[in-house]
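Here, each number is a calculation from the coordinates, and none is a lab measurement. The structure presented is a predicted model; accordingly, all values stated were derived computationally and were not measured. Methodologically, a virtual Cβ is constructed for each residue, glycine included, from the backbone with ideal geometry; neighbour enumeration extends over all protein chains shown.
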Amino acid sequence: MDIVILLVVLVGSLGLAVVFGRYIARMIIYEKRPLEKTLGRVENGFYKIIGVDKYEQMTWKQYTLALIVTNAIAAGFLLAVLIYQNNLPLSPKPGLSLDLAFNTAASFVTNTNLQHYAGDQQLSIFSQMVGLTFLMFVAPASGMAAAFAFIRGFIRKEFGLGNFYVDFTRIILTLLLPIAFFSALLLLFLGAPQTLDPTITVGTLQGGNQTITIGPVASLESIKDLGSNGGGFFGANSAHPFENPTGVSNVFECILMLVIPLSFPVAYGHLLGKGRGISILAAMLIGFGVMLALGFSEQSGPTGLETRFGSFGSALFQESSIATNTGSANASLTGMSPNAVIGLFLGMFVQAIPGADGAGMMMMIIFVILTLFLVGLMVGKTPEFMSMKISPRDVKLAAFVFLIHPALILVPSVLAYTTESAQSILGEQTTPATFTQVLYEYSSAAANNGSDYLGTSANTPFWNWSTMAVMLLGRYAPFVLMLAIAGSFTLRDRKEVVEPIKTSGFLFVGVLSIMVFVLTVLTFFPFLIMGPFSM
């Protein structure tokens, strides 16, 4: 039965990825889509409202600035909602503290959804439905738009990277919103509630009454998983029976998390050669397979796991969630086996197997650039990528993208111990288990993942401000550098040259996979030895 469930998840997500990948490819190069006239009318109405010329092309600097400004406005909106939710409608609750509100706003705008609060206890329905759900569309749409611009850099010469506002609008209106709507209906059918009532009173077996928190869960849950968001309506996240009612919903949510990240290599293949797309997809699936193998290699639980999912269902969900940088959880991390936790770390370290919506694809191409550079050194050839030379500047920027991630994990981890902020919530004695929790917190924040061990215990000024800084830098610093790389490629001459290694085929898949593994191990292995390997 477990094999059947795994096949359903893999075949279902890959099958849908083929369909959505073709659609995403059309969006990237502005080809006609199904129902183009109808969709165009809707989009044009929004362009008029926000005053956007849909034919205007942006440089990489303009595109980056538009993305950051749009995200800053959205984060400011959520910040105001969280601080003043006691004055807003729909079951108002006390506003969050300033440090927690800033942390949460940064968390959701960066597609991280790290939660140092319990949503069902501390947030109103208005905050969850209007504030958080709105950002759950903004964040993945921004990441996907950045990926659109990044891919255009390799296929368009001296024509700009597109228009952020056009991409952002089209992604939300014609991709995320329709899929999230129908997904919410299916989750509603499977048992997730969708109501504006804050609570429901039910009878107990002892003849008494019990008040249970409810709300618009299905709508939040659908975009939570589809958009690589991960923040739950309840403190228990997808372990709560209202967010993930049955084994069927568990499988569906796994597919929902995987489908868009896996669609990007399909779109890439349509635009830049089927062989290249299949090779990128194969490298992603190899990495994901390693994560699953680690998760299944050792029994998890039973403590900390939901009985309706068991060890296999919990490991499948957790590894799918972390591989896509979604971060939602259907089990307690403390209940997962050490091998499974190592798999989760692997997903957060690489960020591209397959990674978050859009962001994972960009990170994988960074690995491709680094691989071509290293192979070029080995064979004594100038690195080339798709008939274009890879300049020293491109390699430096790609190296910075890679190195930012470990710096954002390791530096604050050291600060957490030197300031005794880690000891204050985990105890004075540092053990492999407590070190793992600190390392995981910052790995999750830097990868814009959002799953964590600490939960509400990290609701202190140090943890809120430090993880906020890590989330913001982990999101926008790589975006700036990656869009700068794309901008430089738009100015590059295209000539028929031989790449150091052909970027398609079995050899390239093997070399790329090995390079990703070697770079990751060399960077992070000592810290895994101190943490989960010693648990």
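The table below lists the values:
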read-out: Dipole magnitude of region 361-534, debye to nearest 20 (Cβ charges: Lys/Arg +1, Asp/Glu -1, about Cα centre); value: 700 debye
read-out: Most to least packed among 523-531, 128-136 [average Cβ atoms within 10 Å]; value: 128-136, 523-531
read-out: Value of [θ]222 nm, deg cm²/dmol, for the chain, DSSP H segments ≥ 4, -39500 (n - 2.57) each, nearest 500; value: -21000 deg cm²/dmol
read-out: Relative contact order computed over the chain (Cα-Cα under 8 Å; 6+ residues apart), in percent; value: 20 percent
read-out: Spatial separation of Cα centroids for region 222-270 and region 179-204, in angstrom; value: 16 Å
read-out: Length added when fully stretched, residue 87-residue 415, from 0.36 nm per residue minus Cα-Cα; value: 114.4 nm
read-out: Computed over region 162-227, Kirkwood Rh from alpha-carbon pairs, angstrom; value: 14.0 Å
read-out: Share of alpha-carbon pairs per 20 Å distance bin for the chain, given as whole %; value: 23, 58, 18, 1
read-out: Largest-first ellipsoid semi-axes for region 338-416, taking √(5λ) over the Cα gyration tensor eigenvalues, angstrom; value: 28, 15, 12
read-out: Å³ per residue enclosed by the Cα convex hull of region 463-535; value: 138 Å³
read-out: Convex hull volume per residue in cubic angstrom - Cα atoms of region 374-482; value: 128 Å³
read-out: Rounded, prolate or oblate (a/c below 1.5 giving rounded, otherwise prolate when a/b exceeds b/c) for region 2-273 by Cα gyration tensor; value: oblate
read-out: Prolate/oblate/rounded label for region 57-129 (Cα gyration tensor, a/c 1.5); value: prolate
read-out: Cβ crowding within 10 Å averaged over residues, with 343-355, 467-479, 5-17 ranked highest first; value: 343-355, 467-479, 5-17
read-out: Overall form of region 152-290 per C-alpha gyration tensor (a/c, 1.5; a/b vs b/c); value: prolate
read-out: Approximate spin-label separation residue 506-residue 196, in nm, with each point projected 7 Å along Cα-to-Cβ; value: 6.1 nm
